[in-house]
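A single structure is presented below for examination.
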Amino acid sequence: MKKDNKIKVVVIGSNDVGKTTLMENLIGRIGKVEYKGITTAIDYGSLTINNKKIHFFGTPGQKRFEFMRELTLKGTDFALIVLDASKGITKEDEEIIRLLESKKIPYGVFINKIDIGDIDISEIYNFCNPKFVVKGCAMKKDGLNELINEVVTHIQ
Amino acid sequence: MIDRVLLELNKTEGIKGSMVVGKDGLVIASQLPGNIDAELVGAMASAAFGAAERTASEIGMGNLEQTMIEGEHGKILMVDAGEGILAILTESKVNLGLIRITMKRAVDKIKAMLS
């Protein structure tokens, strides 16, 4: 199916890494399906940059909503994996990366919460092949300009 | 053109608006009342439909025929349309039988247009 100028980016990651916060700070007004701060279905928002409309779909991170990841990944052009610098790279993160690679979905990494932790970028490149790695803090809007520039550069 | 099918659908008594959204959550065609954010509704409707489909399959209900969301002031009915999902908004008091027949006719046309 032709998508003419519609680009779908899925924001994915394990629970509490800050996916919803990232979308809110990146986009502004987003639609959320949530309960007490936990995303239970999806988040949705869009940005128009250089005449291209980018549709962002956020996924739940809690393990019990794993099926929503697969559902939401349908027709995705690019994935943005969010990692929590204070937790490091977890087994769940590795599973998510393997899922994306098995579906041949190109992805970039945003290391969130660098105000309270850190992940060495080389550690990420050691075991996977992201198009980019950006560090920042979604809540403080730190690194978001760099992130959006990288996303725009890498989406086709 | 799918929009024409939707406009025709919207003439049915009780139907307030309709849209076709892809199973990827992106809107294919939309004829909804102006105050509604079609893209947001489309994303959520596809998530709701997908989750319903998954639930039905987990319970062993067979193929998902239709989902219906009933609100105080109206209903949303969603039907599988092949590559997409047909969603219609209705008044709260509607002749469901008539709506279902009308939707079935529209879905057949839409499925053909999408394949």
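Only the coordinates and a few stated rules stand behind these numbers; no lab work does. The structure presented is a predicted model; accordingly, all values stated were derived computationally and were not measured. Cβ sites come from the backbone with ideal geometry, for glycine too, and all protein chains shown count toward neighbours.
Counting pairwise Cα distances across the protein assembly as shown, what percent come out greater than 22 angstrom?
Here the tail beyond 22 Å accounts for 58 percent of pairs.
Any chance you could count the Lys pairs in chain B whose alpha carbons are under 20 Å apart, treating pairs 8 or more apart or on different chains as valid?
Pairs that pass both the separation and distance tests number 14.
For segment A:6-154, what is Rg from Cα atoms divided by 2.2 N^0.38 Å, rounded to two decimals?
0.94
If you bin the C-alpha pair distances of chain B every 10 Å from 0, what whole percents do you get?
Pairs per bin, as whole percents: 15, 50, 32, 3.
Given N residues in segment A:1-49, what is Rg(Cα) / (2.2 N^0.38 Å)?
Normalised by 2.2 N^0.38 Å, the Cα Rg of segment A:1-49 equals 1.26.
Less than 13 Å Cβ to Cβ from B:G14, Lys/Arg counted +1 and Asp/Glu -1: what total charge do the surrounding residues give?
Taking every Cβ under 13 Å from that of B:G14, the sum is +3.
On average over all directions, what projected area in square nanometres does segment A:25-111 have, based on the convex hull of its Cα atoms?
The number I arrive at for segment A:25-111 is 6.4 nm².
Now, a different point. How many partner chain Cβ atoms sit within 10 Å of a residue's Cβ in peptide A:43-52, on average, as a whole number?
For peptide A:43-52, the averaged partner shielding equals 2.
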